1. After finding the eigenvalues of the alpha carbon gyration tensor for the stretch 81-197, what semi-axes result from the square roots of 5 times each, listed largest first in whole Å?
2. Before anything else, pin down the relative contact order of the stretch 110-199: Cα pairs under 8 Å, at least 6 apart, normalised by residue count, whole percent.
3. Pulled fully out, how much extra length does the chain show between residue 167 and residue 150, if you take 0.36 nm times their separation in residues and subtract their Cα-Cα distance?
4. Pairs of alpha-carbon atoms within less than 8 angstrom and 6+ residues apart define the contacts here; what relative contact order does the stretch 32-104 have, in percent?
5. If I stretch the segment between residue 46 and residue 85 completely, what's the gain in nm (0.36 nm per residue apart, minus their alpha carbon distance), one decimal?
6. Set the Förster distance to 30 Å, then compute FRET efficiency between residue 192 and residue 99 from the Cβ-Cβ distance, nearest 0.05.
7. Cα atoms only, the stretch 32-104: Rg and Dmax in Å?
8. Between residue 132 and residue 115, how many nm apart are label points set 7 Å from Cα along the C-beta direction?
């Protein structure tokens, strides 16, 4: 029994030093916020496993479950919601695991001046939009109501003007590969004041 006691004491000390216990406990009570990234895994169908960014409106979109609102909920509550939404697609309710893969950048909580971004072309709500500092390209497209069914989603353009020279640089973004495909921007690119997002219309047979 002495060796068992020693192991228990050692494990307790390890948890105290490295914060293993508190971290696990906090994960269950942590309230999810916009800007957090969730890791969602479905045991019965690995093709559904993915990271999901909580958008500024507090929602995420997940295959077979549609749009849900994790913001203001704990990971356990989100697991239960997802399990219920996915259940009709499985013979028995699926095993869903949700964890916080990355927290919102604390710097984003420091209120800064809002600025204007412009959306043109095949978005649901084009025009000028006042946004918060730190907004990403994907988040802005969500703010603009998403893409229309006529959108050429593989060649979305980000036009950025250098305020010191007036030179405009155009970047291309493939909406179907939000993590980036070797291009200079991706869905997580932070937008700057005056950026213009242009979504062209599909060409014939595109």
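1. Values: eigenvalues 195, 71, 40 Å².
Over the Cα atoms of the stretch 81-197, the semi-axes work out to 31, 19, 14 Å.
2. 36
3. Values: separation 17, 0.36 × 17 = 6.12 nm, distance 2.98 nm.
That works out to 3.1 nm of additional length.
4. Working: 137 pairs, mean separation 29.3, N = 73.
For the stretch 32-104, the relative contact order is 40 percent.
5. Numbers: separation 39, 0.36 × 39 = 14.04 nm, distance 1.68 nm.
Result: 12.4 nm gained on full extension.
6. Working: r = 32 Å, r/R0 = 1.06.
That pair, residue 192 with residue 99, gives E of 0.40.
7. Every Cα atom of the stretch 32-104 included, Rg and Dmax give 11.3, 36 Å.
8. Label-label distance for residue 132 and residue 115, simple model: 1.7 nm.
Values quoted throughout were computed directly from the atomic coordinates according to the rules given, and no laboratory measurement underlies them. Note that the structure is a prediction, hence the values are computed from the model and not measured. Don't worry about glycine lacking a Cβ; one is built from the backbone with ideal geometry, like all the others, and counts go over all protein chains shown.
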